[in-house]
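Undergrad: Let me give you the structure first, and then I'll get to my questions.
Any read-out appearing in this document is the output of simple, stated calculations on the displayed coordinates, not a laboratory observation. Just so we're clear, the structure is a prediction, and the values are computed from it rather than from any experiment. Every residue, glycine among them, receives a Cβ derived from its backbone with ideal geometry; neighbour counts consider all protein chains shown.
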Amino acid sequence: MRSRIVLALVMMFGLAVPVQAAPSDDPRQVISGFYDVLLSVMKDADKLGYQGRYQKLDPTLRQVFDLPQMTRIAIGPFWKSIGPDEQKRLVEAFSRYTISTYADRFDGFSGEKFQVGDKKPSDAGGVIVETKLIQSNGEPIALNYLMRQEPGGSWQVIDVFLSGMVSELATRRSEFASVLRKGSAADVINLLESKTRSN
């Protein structure tokens, strides 16, 4: 179970029903609500099954994480050379892959806990919200969220750092860049769709 949760967190992103009805001035509240939903989905994982978990993960993932912005960051400088139709397809493929990864990996509960800590200014703009996943054996895993405030006032995640410093989007950018140097945006879409089907 531990390895599956760690993999899911490395693969990154969010969960179930909308976390909150109104924008919060404190990004830590967004992450706290996200974790409440995550634990709920984990506890009901067997009853929900894969499809039920996917359906519950979809709306909150799209609310808590800025998936379009994350897609643009993951694609990197190649983004400007991609047409608008393929950009939309990339965002949707990236979003579906993210949701499917969580639906596949968060498939049980064995006493894990989440702790939300401090928020700190980020050199990249926005804030870093520091958190920990406390595993059932008591061992902590540091998970830091880079968050930015949208014009409407809501805070959204735009990157996750495993062990406090390993950027999820930097990992994705390296993977996608190797595909784009040899191929096209369609090849990245096909890669994401293949990964989604394998979950």
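Undergrad: Name the aspartates and glutamates eligible as straight-distance cross-link partners of K47: C-alpha to C-alpha under 16 Å, and not fewer than 8 places from it in the same chain.
TA: Here the aspartates and glutamates satisfying the reach criterion relative to K47 are D104, D107.
Undergrad: In nanometres, what is the gap between the two model label sites at Q29 and K47, each 7 Å from Cα along Cα-to-Cβ?
TA: 2.9
Undergrad: On the principal axes of its Cα set, how long, how wide and how thick is the chain? Give whole Å, largest value first.
TA: Largest first, the chain extends 44, 37, 31 Å along its Cα principal axes.
Undergrad: With label points built 7 Å along Cα→Cβ from the Cα atoms of A177 and A142, find their separation and express it in nm.
TA: Simple spin-label model gives 2.4 nm for this pair.
Undergrad: Note down the relative contact order for the chain as a percent, whole number, built from C-alpha pairs under 8 angstrom at least six residues apart.
TA: 25
Undergrad: Mind pulling the angle between the C-alpha long axis of helix 168-182 and the longest principal axis of the chain? Nearest 10 degrees, somewhere in 0 to 90.
TA: For 168-182 against the chain, the angle is about 20 degrees.
Undergrad: Between S194 and E150, what length in nm is gained on full extension when 0.36 nm per residue of separation is reduced by their alpha carbon distance?
TA: Result for the pair: 12.7 nm of gain on full extension.
Undergrad: A follow-up question, please. Restricting attention to the range 91-153, which GluC sites (Glu not before Pro) occupy a DSSP loop and are surrounded by at most 16 other Cβ atoms within 10 Å?
TA: Listed in order of number, the matching sites amount to none.
Undergrad: Using the Kirkwood radius over C-alpha pairs as Rh, can you work out the diffusion coefficient of the range 105-199 via Stokes-Einstein at 37 °C, viscosity 0.692 mPa s, in µm² per second?
TA: Here the translational diffusion coefficient equals 208 µm²/s.
Undergrad: Right, next: For every helix of n ≥ 4 consecutive DSSP H residues, a contribution of -39,500 (n - 2.57) applies; sum these over the chain, divide by its total residues, and give [θ] at 222 nm rounded to the nearest 500 deg cm²/dmol.
TA: One gets -17500 deg cm²/dmol as the mean residue ellipticity at 222 nm.
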